[in-house]
Amino acid sequence: QQTTADLQRLDRAHHLHPFTDFKALGEEGSRIITHAEGVYVHDSEGHRILDGMAGLWCVNLGYGREELVEAATRQMRELPFYNNFFKSTHPPAVKLAEKLSQLAPAHVNRVFFTGSGSEANDTALRMIRRYWALEGKPEKQIVISRENGYHGSTVAGLSLGGMAPMHAQGGPLVPGIEHVRQPYWFGEGREHTPEAFGRLCAQAIEDKILALGEENVAAFIAEPVQGAGGAIIPPESYWPAVKEVLARYDILLVADEVICGFGRLGEWFGSQHYGLKPDLMPIAKGLSSGYLPIGGVLVGDRVAETLIEEGGEFFHGFTYSGHPVCAAVALKNLELMEAEGIVEKVRDDLGPYLARRWAELGDHPVVGETRSLGLIGALELVADKAGGQRFDKTLGAGNLCRDICFDSGLVMRSVGDTMIISPPLVITRAQIDELVILARRALDETARRLGI
Ligand code: PLP
């Protein structure tokens, strides 16, 4: 039996983690998560931790679902792998494609499978550019995206994304991608009302289209609610105004549903909450509740019909596109979500309940804003509540709060000084109460350590 210290030593010696400062890790050692059930994960030191992030925004059905284990086992026995290239396919991929078409908005009837959300966004980029070439407008190449958006870690994914630190490390980015401001009112727009700020951010898209020449702009890509950027819920005025701009210049909409899809915002897809009609919808994460890696792009009829009718062979695909075991698990996951009415529960009960309880944290001396929608939420940490002044960046208030949370039994993520939650969708009201109590205690301790 290896001890925590053994595992940490081996980890330090051999394991390069995603998004990790390896040198700092050398000093601290990783937390080793060993098992989980429901909304709780357990570490190798015997701590039980409420997973307020559903893993990485993905374990929507919670941990320990035997039905998903059985679906995987059965499929592994029957057909552990076959590809979907050329003229082959297999029942799990076909059935999952059909199920997704049923759940998606009426104008979306096809899916291209990938292994991850990053691959889904790479695929979306290629589809957009191919679509316009086939439509006889090959100059329509540029994709407009948003600063601080997240669309993955492949070169196309990080280029589409607007994470400045990633761009700085990425070498040359994929050309033909332009970024506009994000609708982050608390961070960037407080001199305006939220509604006026939402409209300004939509105007920034129109200004960019006009500056680039509308004949050159292929698509706009955005998460309905920005996840990794800080659980940024746009002002109500934003999406209606964006929709108008895109329609005016005939620009395709790619709604990145990797986080917002599969119930997170209380609808099957986040786009539905905002009444959007996206042409492409990259998906992943909650598709399989994170039990196995699978993603895809849901393709609206407009793009699909051109690709099919005019395109010939699309030279694109991944060995694991529609992997049978992943597809079987994803299908079972969606069937369980439907049977258990998970999406409706988030919309009608858990989302409104979290909104009420989460807002109570707004009275805390280090909290400048609370916000939530469905089961995604954020707290903005501030040094001076009355003036809304943020902490000095060098204090690392967000990371401090995150570490205090973890040590006291709650996973809450920090993005700068924004604290984020995105718990499993099977969380109960009592567990939401527990989450709010743990968060408040962590805020108290954060304030104490920062001398507030
Ligand atoms: N798109 C969004 C909105 C995401 O949040 C993520 C991952 O966090 C991705 C894409 C990339 O997905 P993956 O990590 O599966 O490649």
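Values in this text are rule-based calculations from the coordinates and carry no lab data. Here the structure is a predicted model, which means the values were calculated and not measured. Don't worry about glycine lacking a Cβ; one is built from the backbone with ideal geometry, like all the others, and counts go over all protein chains shown.
Taking a ≥ b ≥ c as the square roots of the eigenvalues of the Cα gyration tensor of the stretch 303-406, is the shape rounded (a/c under 1.5), prolate (a/b larger than b/c) or oblate?
Prolate is the answer for the stretch 303-406, as a/c is 1.5 or above and a/b outweighs b/c.
Have a look at the chain and give its Rg and Dmax from the Cα atoms, expressed in angstrom.
21.9, 65
Quick one: if you stick a label point 7 Å off each Cα along the C-beta vector at GLU434 and LYS23, how many nm between them?
Placing both labels 7 Å beyond Cα along the Cβ direction yields 4.0 nm.
Treat every Asp and Glu Cβ in the stretch 67-339 as -1 and every Lys and Arg Cβ as +1, leave all other atoms uncharged, and give the resulting dipole magnitude about the Cα centre to the nearest 20 debye. Don't skip to the answer; put the middle values down first.
Values: 23 positive and 32 negative charges, 101 e Å.
Dipole about the Cα centre, nearest 20: 480 debye.
Run the numbers on the chain and let me know its relative contact order in percent, using alpha-carbon pairs under 8 Å that are six or more apart.
Working: 880 pairs, mean separation 91.2, N = 452.
The value is 20 percent.
Which is the longest part of the chain that has none of the chymotrypsin sites (Phe, Trp or Tyr not before Pro) sitting in a DSSP loop with at most 12 other Cβ atoms within 10 Å?
87-314
If you average the sequence gap of Cα pairs under 8 Å that are 6 or more apart and divide by the length of the stretch 296-452, what percent do you get for the contact order? Walk me through the numbers before you get to the answer.
On the way: 169 pairs, mean separation 28.8, N = 157.
The value is 18 percent.
Cross-chain or 8 or more residues apart, Cα under 20 Å: how many lysine pairs in the chain fit that? Count them up, please.
Here the count comes out as 15.
Say R0 is 45 Å: what FRET efficiency, to the nearest 0.05, do GLU67 and ASP11 get from their beta-carbon distance?
Approximately 0.90, to the nearest 0.05.
Taking the Cβ of each residue in MET337, MET419, MET76, MET412 as the centre, tally the other Cβ atoms inside 10 Å and list the residues starting with the fewest.
Working: MET337 23, MET419 30, MET76 13, MET412 27.
Ordered from fewest to most neighbouring Cβ atoms within 10 Å, MET337, MET419, MET76, MET412 come out as MET76, MET337, MET412, MET419.
Using a 10 Å Cβ count of at most 14 others and DSSP loop calls, identify the longest part of the chain lacking such trypsin sites (Lys or Arg not before Pro).
191-452
Just want the answer: with Cβ charges of +1 for Lys and Arg and -1 for Asp and Glu, which residue in LEU212, LEU292, TRP185 is farthest toward the dipole's positive end in the stretch 67-339?
LEU292
Rounded, prolate or oblate: which fits the stretch 168-211 when a ≥ b ≥ c are the square roots of the eigenvalues of the alpha-carbon gyration tensor, with rounded for a/c under 1.5 and prolate only if a/b beats b/c?
oblate
What dipole magnitude, in Debye to the nearest 20, does the stretch 104-252 give about its Cα centre under +1 on Lys/Arg Cβ and -1 on Asp/Glu Cβ?
Around 320 debye, computed over the stretch 104-252.
Find me the longest stretch of the chain that has none of the exposed GluC sites (Glu not before Pro), where exposed means in a DSSP loop (not H, G, I, E or B) with at most 10 other Cβ atoms within 10 Å.
By the stated rule (loop sites, at most 10 other Cβ atoms within 10 Å), 46-190.
So what is the 222 nm mean residue ellipticity for the chain from helices alone, if each DSSP H run of at least 4 adds -39500 (n - 2.57) and you divide by all residues, rounding to the nearest 500 deg cm²/dmol?
The helix-only estimate for the chain comes to -12500 deg cm²/dmol at 222 nm.
Rounded to the nearest 20 debye, what is the charge dipole size of the stretch 296-379 about its Cα centre when +1 sits on each Lys and Arg Cβ and -1 on each Asp and Glu Cβ?
Its charge dipole is roughly 400 debye.
So for the chain, taking the charge dipole from beta-carbon charges (+1 Lys/Arg, -1 Asp/Glu), which of ALA386, VAL155, GLN75 sits furthest toward the positive end?
Farthest along the dipole direction, towards plus: GLN75.
Under the rule a/c < 1.5 gives rounded, and otherwise a/b versus b/c splits prolate from oblate, where does the stretch 376-452 land using the Cα gyration tensor?
Here the stretch 376-452 falls in the prolate category.
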